[in-house]
Amino acid sequence: MAKLYFYYSSMNAGKSTTLLQSDFNYRERGMETMLWTAALDDRYGRGRIVSRIGLDAQAHLFDPQVDIFAAIAVQHEATPLSCVLLDEAQFLTEAQVWQLGAVCDRLGIPVLCYGIRTDFQGQLFAGSAALLGLADTLTEIKTVCDCGRKATMNLRVDAGGRPIQQGAQTQIGGNDRYVALCRRHFVEQMRG
Ligand SMILES: Nc1ncnc2c1ncn2[C@@H]1O[C@H](COP(=O)(O)OP(=O)(O)O)[C@@H](O)[C@H]1O
Ligand SMILES: Cc1cn([C@H]2C[C@H](O)[C@@H](COP(=O)(O)O)O2)c(=O)[nH]c1=O
Ligand SMILES: [Zn+2]
């Protein structure tokens, strides 16, 4: 039975790197894959999955309007797919996560989703909440805080490195705008 996987972590933990390695494993065995990433994440140009260690690949774009099941079904009809890999899964809608479940159950294709669990205020993203509820397999990708504990939280900072407590949930950025911290140091920074 094909499974829905959710690989989650804080930022800068190696999610994109792991996704690209998995994609390479399929492709070197001659298997077809389909890659997806969020349209709104334009850090490296639209439609590219890039890891901070330098690997990259082209990807299809999703936004809340895209019927991901329909797009995958069309592609699978043309060229049978062995795996679907999706980055920035926190930006999926709940409906799209159900669609990805249907890709596993009705098309028989495994789906590997990668994303951050919570936002800069420690709240679940919609896509991550749905995946935590619906995925067959949950795997945490771990990275460390400066103190050596596991970094599970994402602190948003301004251009001067000062913590930001309020704002919109979505703000695209990388190491310049976010720092992965353990919960203890996240709370200390948020309290000021
Ligand atoms: N030049 C580099 N050489 C080796 N590792 C690096 C380099 N740059 C970044 N990294 C590591 O790569 C990881 C981030 O990878 P990435 O896949 O972009 O993360 P994510 O998708 O989770 O944000 C971090 O562990 C970081 O320390
Ligand atoms: C915490 C947090 C993150 N984001 C954005 C910032 C990045 O563009 C992505 C996560 O990138 P990753 O390196 O692939 O993990 O999410 C956001 O919009 N709001 C937040 O609170
Ligand atoms: Zn810490």
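First check a/c for region 27-117, with a ≥ b ≥ c the square roots of the eigenvalues of its C-alpha gyration tensor; if it is under 1.5, answer rounded, and if not, answer prolate when a/b is larger than b/c or oblate otherwise. Don't jump to the answer; show the numbers that get you there.
Numbers: a/c = 1.78, a/b = 1.18, b/c = 1.51.
Here region 27-117 falls in the oblate category.
Tell me, what % of the accessible area of the chain is carbon and sulfur with a 1.4 angstrom probe? Walk me through the numbers before you get to the answer.
On the way: 4620 of 9560 Å².
On the chain, the fraction of accessible area on carbon and sulfur atoms equals 48 percent.
If amide H atoms are built 1.01 Å from N in the plane of the peptide, which residues on other chains or at least 5 residues away come under 5 Å of the amide H of residue 60?
Correct list: 35, 36, 37.
Would you grab the residues whose amide H sits under 5 Å from the one on residue 109? Only those 5+ places off in sequence or on another chain, please, with H modelled 1.01 Å from N.
The answer is 104.
7 Å from Cα along Cα→Cβ at both residue 79 and residue 24: what's the point-to-point distance in nm?
That separation, rounded to one decimal, is 2.0 nm.
Using a 7 Å offset from the Cα along the Cα-to-Cβ direction at both residue 183 and residue 52, what is the distance between the two label points in nm, to one decimal?
2.3 nm
What spacing in nm lies between the two simple spin-label points modelled at residue 70 and residue 165, each 7 Å away from Cα in the Cβ direction?
Using points 7 Å along Cα→Cβ, the separation is 4.5 nm.
For region 68-93 and region 112-181, what is the centre-to-centre distance using only Cα atoms, to the nearest Å?
About 24 Å separates the Cα centre of region 68-93 from the one of region 112-181.
For residue 150, which lysines qualify as cross-link partners when the Cα separation must be under 19 Å and same-chain residues fewer than eight apart are set aside?
List returned: 15, 142.
Helix 15-28 sits at what angle to the longest principal axis of the chain, using alpha carbons and giving 0 to 90 degrees rounded to 10?
20 degrees
Can you check what the net charge comes to around residue 40, using other residues whose Cβ is under 12 Å from the Cβ of residue 40 (Lys, Arg +1; Asp, Glu -1)? Spell out each step's value before the answer.
On the way: positive: 43, 46; negative: 41, 42, 63, 88.
Net of charged neighbours comes to -2.
I need to check one value: relative contact order of the chain, counting alpha carbon pairs closer than 8 Å and at least 6 residues apart, in percent.
Numbers: 397 pairs, mean separation 53.0, N = 192.
So the answer I get is 28 percent.
Could you compute the FRET efficiency for residue 61 and residue 1, with r as their C-beta to C-beta distance and R0 at 35 Å, rounded to 0.05? Could you put the intermediate results ahead of the total?
Values: r = 29 Å, r/R0 = 0.81.
Once the sixth-power term is evaluated, E becomes 0.75.
If every alpha-carbon in the chain counts as one equal scatterer, what log10 I(q)/I(0) does Debye give at q = 0.09 1/Å?
Normalising to I(0) and taking log10 leaves -0.32.
To test your reading of the geometry: what angle, between 0 and 90 degrees and rounded to tens, separates the Cα axis of helix 68-78 from the longest principal axis of the chain?
Approximately 40 degrees, to the nearest ten.
In a shell of Cβ-Cβ distance under 13 Å around residue 105, excluding residue 105 itself, what net charge do Lys and Arg (+1) and Asp and Glu (-1) give? It would help to have the intermediate numbers written out before the result.
Working: positive: 3, 106; negative: 136.
Net local charge, residue 105 excluded: +1.
What is the angle, in °, between the Cα long axis of helix 94-107 and the longest principal axis of the Cα atoms in the chain? Nearest 10 is fine, range 0 to 90.
30 degrees
The values are calculated or read from the model by the stated rules, or taken from the named source; none is laboratory data. Because the structure is predicted, anything quoted here is derived from the model rather than measured. We place every Cβ from the backbone using ideal geometry, glycine too, and count neighbours over all the protein chains shown. Please note that ligands, DNA and RNA were not included when accessible areas were found on the heavy atoms of the full protein model with its side chains. Shrake-Rupley method; radii C 1.70, N 1.55, O 1.52, S 1.80 Å.
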